[in-house]
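Chemist: First the structure, then my questions, so here it is.
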Amino acid sequence: MPVPSADFKQALKKLSEKEKEALILRLVRKDAEAYDALSFELLESVTLESLFERSSENIHDILFTVSGRSLSKALSRGLKKANQEIARYQRITKDRKGEVELHIYTLQLIFDNFTGQFESIYKGFYVATARLVLRTMALIQKYLHEDYHLEYQDTLNAFLTDLNGRSKRRQLPFNLPWQFELA
């Protein structure tokens, strides 16, 4: 993200209200994320809950509409898109707890519906899921209060137990812990 210079800020101050409005409207027509960010800031009808709900629906749609010759590869691409949706939610709202909740939601969808693909000859989906579990654990430890660590411990331990019970565990290029340690 570029940082506005002093000259840019001065030029912006010199614009009339009508020119500023036209500039903002032109910007939001070209950038959907800018539109969502401004809607979140300006409109009372766009709440944290509504953005969370929309992101979770998008993640569900992404994972359940994947297609391709190899389901495992398609799920890897879908998981990447789901992570992009979560990152978009976080950039718009700056809500770390919501970001973690979306990670947990994504992982729950995977473990409830797609664990059979962990045994595919392609290890990409298994590795991507393991990385998502690690990222979720890091986010919880870094950004959330200790009380949330206990709240998520059982869920994360269930994910880790499943991942560690797979034969592909030895093929991971990183160490996967056996359980989520409380801080």
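Chemist: Show me the helices (runs of 4 or more DSSP H) found entirely inside the range 1-43 where at least 3 residues are more than 16 Å from Thr93 (Cα to Cα).
Modeler: Of the helices (runs of 4 or more DSSP H) lying wholly inside the range 1-43, those with at least 3 residues that are more than 16 Å from Thr93 (Cα to Cα) span 6-14, 17-30.
Chemist: Shifting gears a bit: Only one residue in Glu101, Glu57 is of a type in the set (Asp, Glu), open to solvent by 20 Å² or more (accessible area, probe 1.4 Å), closer than 30 Å to Gln171 by Cα and within 15 Å of the chain's Cα centre (by Cα). Which one?
Modeler: Exactly one residue qualifies, and that residue is Glu101.
Chemist: Can you run down the residue pairs with Cβ atoms below 8 Å, 6 or more apart or on separate chains, where the first is in the range 1-14 and touching a residue at least 40 places away in the same chain (Cβ under 8 Å) and closer than 22 Å to Asp31 by Cβ and the partner is open to solvent by 100 Å² or more (accessible area, probe 1.4 Å) and in a loop (DSSP other than H, G, I, E, B)?
Modeler: Pairs found: none.
Chemist: Moving on. Just need a number here: residues in the range 16-35 that are touching a residue at least 12 places away in the same chain (Cβ under 8 Å) and open to solvent by less than 60 Å² (accessible area, probe 1.4 Å).
Modeler: Within the range 16-35, residues that are touching a residue at least 12 places away in the same chain (Cβ under 8 Å) and open to solvent by less than 60 Å² (accessible area, probe 1.4 Å) number 1.
One line per residue, one yes/no per condition, for (1) of a type outside the set (A, V, I, L, M); (2) in contact with a helix residue (DSSP H, G or I) (Cβ under 8 Å, 6 or more places away or on another chain); (3) open to solvent by 100 Å² or more (accessible area, probe 1.4 Å):
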position	(1), (2), (3)
Lys14	yes, no, yes
Ala37	no, yes, no
Ser45	yes, no, no
Phe52	yes, yes, no
Lys73	yes, yes, no
Ser76	yes, yes, no
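Chemist: Just give me the residues in the range 105-136 being within 13 Å of the chain's Cα centre (by Cα) and open to solvent by less than 20 Å² (accessible area, probe 1.4 Å), in sequence order.
Modeler: Thr106, Leu107, Thr129, Leu132, Val133, Thr136
Listed here are the residues, each with its yes/no results for (1) farther than 23 Å from Asn58 by Cβ; (2) touching a residue at least 40 places away in the same chain (Cβ under 8 Å); (3) polar (S, T, N, Q).
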{"position": "His103", "(1), (2), (3)": "no, no, no"}
{"position": "Asp112", "(1), (2), (3)": "no, no, no"}
{"position": "Thr129", "(1), (2), (3)": "no, yes, yes"}
{"position": "Leu132", "(1), (2), (3)": "no, yes, no"}
{"position": "His145", "(1), (2), (3)": "yes, no, no"}
{"position": "Leu150", "(1), (2), (3)": "yes, no, no"}
{"position": "Asp154", "(1), (2), (3)": "yes, no, no"}
{"position": "Ala158", "(1), (2), (3)": "yes, yes, no"}
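Chemist: Continuing with this model, one more query. Picking from Leu172, Leu160, Leu150, which residue would you name as being open to solvent by less than 40 Å² (accessible area, probe 1.4 Å), more than 18 Å from Leu102 (Cβ to Cβ) and modelled with pLDDT under 95?
Modeler: When all the criteria are applied, what remains is Leu172.
The values are calculated or read from the model by the stated rules, or taken from the named source; none is laboratory data. Small disclaimer: the values here were computed from a predicted structure and weren't measured. Backbone-built Cβ (ideal geometry, glycine too); neighbour counts: all protein chains shown. Each accessible area value is taken on the protein alone, full model and side chains, heavy atoms only, with ligands, DNA and RNA left out. Shrake-Rupley method; radii C 1.70, N 1.55, O 1.52, S 1.80 Å.
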